[in-house]
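Enquirer: I have a structure here, written as structure tokens, and I will follow up with some questions on it.
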Amino acid sequence: MADRRNFPPFGPLRAFDAFGRTRGIRRAAEWLQIDHAVVSRHLRALEKWAGVPLLDRAGGGLTEAGRIYHDRIATALDEIARATEALRAGDLPQLSVWCVPGFAFHWLVRRLGSFRAEYPDIDLLLRPTDARARFWSDGVDADIRYQIDGKPHESQPGIRRAELARPPVFPVASPDFLRRAGPIRAVGDLLSHPLLAEEDSNEWLTWLARQGVAAPSMIPAVRLWHAHLVLAAAREGQGVALANPFLLEDDLRNGTLVRVGPPEAPFDGVAIGAYTLFIPENSWERPALMRLRSWLMHVAGAFLPPKEPPAAAAGS
């Protein structure tokens, strides 16, 4: 008995799926690791086979028919990929998670044991990296980034986000550095001391602005790219670093780093950004990712104490 199901050619179908996810021929070609001219030919071939316009070439996206068709075939292709993944991994769901290195190194890695204990059926691959995941080409399921408020970030279509925590940020230094530096009693005094930073001055400038200190521009004493390198330099007495409780759990407990400011009232911690989880929209309800998302939001949220309610106004 002949198979009378109507299947399109698989090469053009994959090219169309990639275009629908990335919203660009060159981005689709990058994801599939083929030449963009091949993607263009595949897309024309699929439209010819279907007899229906699928690409809105004037608007750069999909036609209404193309959008509906892509929604359905993307789900089917994702299921094929998951079934193949389960077959090759012995039915063990596998998640590839990228993460900003400081959060991974100082906080997340020591808590993965509880995740494995709670979800032993999930094989989690964690890659600390400063590079933001390009989900379509990197084969990444989820990405954790720290986003500073107001700083522009590259956006990718079809990606959803969940804020995990907005930790307070405050300056820290080694006790030896503070002995040598002398009193630092006002936030503005920090500008006369070496300030350590990761990539650029944005975090310092944002924090200073929230403290009411005008610093139109500044050049950090040293830029070290990774949060754990910044903290290592601070421990060695090389300057003042900005950090949050997720990065400082051990240092504050051991006294290798202390909060900067008057001893009776160190400078306030201010939330200037958030640790954020990014997941492709079409994988948002994938069971393994739902479990990861729920676990991260619970554990990260529980790590920070709740904000104190504002003081009641006099006479209220």
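Enquirer: Could you please state, rounded to a whole Å, how far the C-alpha centre of segment 95-169 is from the C-alpha centre of segment 8-75?
Expert: Using only Cα atoms to place each centre, the spacing works out to 29 Å.
Enquirer: Can you give me the distance in nm between label points at Phe303 and Arg132, each placed 7 Å from the Cα along the Cα-to-Cβ direction?
Expert: 2.2
Enquirer: Please determine, in degrees from 0 to 90 and to the nearest 10, the orientation of helix 287-303 with respect to the longest principal axis defined by the Cα atoms of the chain, where the helix direction is its Cα long axis.
Expert: 10
Enquirer: Further question on the same structure: Starting with the fewest neighbours, write out Tyr119, Tyr69 ranked by other beta-carbon atoms found within 10 Å of each beta-carbon.
Expert: Ascending number of Cβ neighbours within 10 Å: Tyr119, Tyr69.
Enquirer: So what's the Cα pair-distance distribution over the chain, bin width 20 Å, in %?
Expert: Computed distribution, short to long bins: 27, 45, 24, 4, 0.
Enquirer: What GluC sites (Glu not before Pro) in segment 136-243 are in a loop by DSSP, with at most 16 other Cβ atoms within 10 Å of the Cβ? If you can, show how the numbers build up before the last one.
Expert: Working: sites: Glu154, Glu163, Glu198, Glu199, Glu203, Glu236; in loops: Glu154, Glu198, Glu199, Glu236.
Loop-located and lightly packed - Glu154, Glu199, Glu236.
Enquirer: Turning to a different aspect of this structure: Taking Rh as the Kirkwood radius computed over C-alpha pairs, what is the Stokes-Einstein D of segment 29-139 at 20 °C in a medium of viscosity 1.002 mPa s, expressed in µm² per second? Could you put the intermediate results ahead of the total?
Expert: Numbers: Rh = 17.4 Å.
After rounding, the answer is 123 µm²/s.
Enquirer: With bins 10 Å wide starting at 0, give me the P(r) of segment 63-203 over every alpha carbon pair, in whole percents.
Expert: 8, 27, 28, 19, 11, 6, 2
Enquirer: Right, here's the next one. Ranking Ser114, Ser174, Ser217 by Cβ neighbours within 10 Å, fewest first, what do you get?
Expert: Arranged by neighbour count, lowest to highest, Ser114, Ser174, Ser217 become Ser217, Ser114, Ser174.
Enquirer: Order the peptides 189-196, 242-249, 125-132 from the highest to the lowest mean number of other Cβ atoms within 10 Å of their residues.
Expert: Ranked from most to least packed, the peptides come out as 242-249, 189-196, 125-132.
Enquirer: For the chain, find the longest principal axis of its Cα atoms and tell me its angle to the long axis of helix 36-50, 0 to 90°, nearest 10.
Expert: 50
Enquirer: Regarding segment 170-259, what's the average projected area of the Cα-atom convex hull, expressed in nm²?
Expert: 5.3
Enquirer: Along each principal axis of its Cα atoms, how long is segment 10-87 end to end? Whole angstroms, biggest number first, please.
Expert: 41, 26, 20
Enquirer: On each of the three principal axes of the Cα atoms of segment 232-304, give max minus min coordinate, whole Å, ordered largest first.
Expert: For segment 232-304, the Cα extents along the three principal axes come out at 49, 24, 21 Å.
Enquirer: Right, another one. Throw me the Rg/Rh for segment 179-316, computed over C-alpha atoms with Kirkwood Rh, two decimals.
Expert: 1.04
Read-outs throughout are calculated quantities, based only on the coordinates presented, and are distinct from any laboratory measurement. Every value quoted in this text rests on a predicted model; they were computed, and no experiment measured them. Cβ sites come from the backbone with ideal geometry, for glycine too, and all protein chains shown count toward neighbours.
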